[in-house]
Amino acid sequence: MTSVHSTRTFHSTPTAPCRRVGSLSMPSPTCSPPPKSRICVLGAGNFGSCLADHLGDSDHDVLLWSRSEDFVKFFNEHHKNPEYLTDHEFPECITAVGPDLPSAELIRSVDVLLFAIPTEALRETLTKLRPRLDEKALPLFIFVNKGIEISTRALTLEILADTCGADIARVSTFISGPSFAKEIIRRQPTSVSVASLSQEHAERASQVFHQPWFRCYTGVDPIGIELAGALKNVYAIAAGMADGLGFENNTRATRLMRSTVLITRGLGEMTRIGTAYGASPLTFLSLAGVGDLFLTCSSPTSRNYTVGYRLGKGEQLDEIIRTLGSVAEGVTTAKGLKQIIDDLGVNARIATAVYEVLYEGKNVKEQAETLMNFPVMTELELPEKNPNGPARKLMQKLGLGEDDAGKRA
């Protein structure tokens, strides 16, 4: 098996002074300062911009790529994003680039490529980037998108294998967890899961991001991390629908009760789907699982929750998407997830109900009543592991056996 390792040298930087994090003064690490890296963030949307800001404030040199020439010009002149986080002034160590995709020369100059673009655009982007990669000096690949490709039902790991090859996919890393852009930009304490089939590369990605206000926890189940990050958006739509309906009582206590029920039952569905797929059920108890699920389902600032809430209030999906202002990946993920549920034969009634509202025109209130009228069922039940499930096939595509998952590449 061929292993891919970057030949780049990371240079340690002097310990940085204390930074202000919200109302707390948080010192930078003193015993082991993070290495300084040159990072290219692909995607200047809400989340890509906030991560670029965090990385720039962590003493890295950051390039922020956008397909908009107007954005590149405006950002470099004003150090502000004209569309997202518009009141925030970004560090001067961040330079916007574009609108053309990064050249081979630029890619050779960076240590990290961070992908913060929607999953549906990922295959095209990676296909164009592939000829520009230098096999002898590959940057570290980090992905923060959360979704399932509709036409193929593929996770990012499989899209990577198809476009860039198994060697690169095996050492790519995935970051997911309860993290809202507006809170990261204000340096509110944030914790995330960082996973790769290569423990070494997961640790390297964590080293790039880790700060006292942004804690990273590593793992070796990228399939589970990806599924959890994608699926929680669908259940956030369901939580928003419930709150939008109101059930004739819009008190906080009632909303909290609805959210608790949906989060708990949603977590059960996510774990069943993930287990049938071939992921570890423990991954769904991680920051990327229940942590991100709880945050996204219980916060009105979540884009996916907002879509569900407005559907519950009777608005049409097309109008919601048109006026939302940013991408809610749960809408497209619901379509790919429905195909996965059908293929696996998993009982996932909440996810199915969301799909039927979004794509079959079912009434939100009637769907809620249908869910509440299902007969008694077992609360906790995991399907048997499928030896020929999607995860096993993906591992074979990566040139790995089932027992090799999680080992150092």
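The values are calculated or read from the model by the stated rules, or taken from the named source; none is laboratory data. Nothing here was measured: the structure is a model prediction, and the numbers come from that model. Because the Cβ atoms are built from the backbone with ideal geometry, glycine has one as well, and the counts that use them run over all protein chains shown.
Could we say that Leu85 is outside any loop (DSSP other than H, G, I, E, B) and buried (at least 16 other Cβ atoms within 10 Å of the Cβ) here? No: the conditions fail for Leu85. The residues of the range 124-141 that are of a type in the set (Ser, Thr, Tyr) and in contact (Cβ under 8 Å) with a residue 40 or more places away in the chain amount to a single one, Thr125. Remark: pairs (first residue in the range 298-314, within 16 Å of Asn363 (Cβ to Cβ); second residue aromatic (Phe, Trp, Tyr) and surrounded by fewer than 17 Cβ atoms within 10 Å (Cβ to Cβ); Cβ separation under 8 Å; 6+ apart in sequence or on different chains) are absent. Would you confirm whether or not the range 201-212 contains a residue that is surrounded by 24 or more Cβ atoms within 10 Å (Cβ to Cβ) and in contact with a helix residue (DSSP H, G or I) (Cβ under 6 Å, 6 or more places away or on another chain)? Yes, because at least one residue in the range 201-212 is surrounded by 24 or more Cβ atoms within 10 Å (Cβ to Cβ) and in contact with a helix residue (DSSP H, G or I) (Cβ under 6 Å, 6 or more places away or on another chain).
Residues of the range 188-198 include at least one that is touching a residue at least 40 places away in the same chain (Cβ under 8 Å), under 15 Å from the mean Cα position of the chain (by Cα), surrounded by fewer than 20 Cβ atoms within 10 Å (Cβ to Cβ) and within 23 Å of Ser286 (Cβ to Cβ).
A count restricted to the range 107-124 and to residues that are of a type outside the set (A, V, I, L, M) and in contact with a strand residue (DSSP E or B) (Cβ under 7 Å, 6 or more places away or on another chain) stands at 3.
Selection of first residues in the range 214-240 that are over 21 Å from Arg392 (Cβ atoms) and of second residues that are polar (S, T, N, Q) and surrounded by fewer than 24 Cβ atoms within 10 Å (Cβ to Cβ), restricted to Cβ pairs under 6 Å at least 6 apart or on distinct chains, gives the following pairs, ordered by first then second residue: Phe214/Thr190; Arg215/Ser191; Cys216/Ser206; Thr218/Ser206; Ala236/Ser302; Ala239/Ser259.
If the requirement is being in contact (Cβ under 8 Å) with a residue 40 or more places away in the chain, out of contact with any helix residue (DSSP H, G or I) (no Cβ under 9 Å at 6 or more places or on another chain) and in the same structural domain as Ala195 (by TED's automatic domain parsing), which of these qualifies: Val144, Val97, Val110?
Working: Val144 fails: out of contact with any helix residue (DSSP H, G or I) (no Cβ under 9 Å at 6 or more places or on another chain); Val97 fails: out of contact with any helix residue (DSSP H, G or I) (no Cβ under 9 Å at 6 or more places or on another chain).
None of the other options fit; the residue is Val110.
Of the helices (runs of 4 or more DSSP H) that lie entirely inside the range 109-191, those containing 2 or more residues that are modelled with pLDDT under 95 and closer than 18 Å to Ala288 by Cβ span 181-185.
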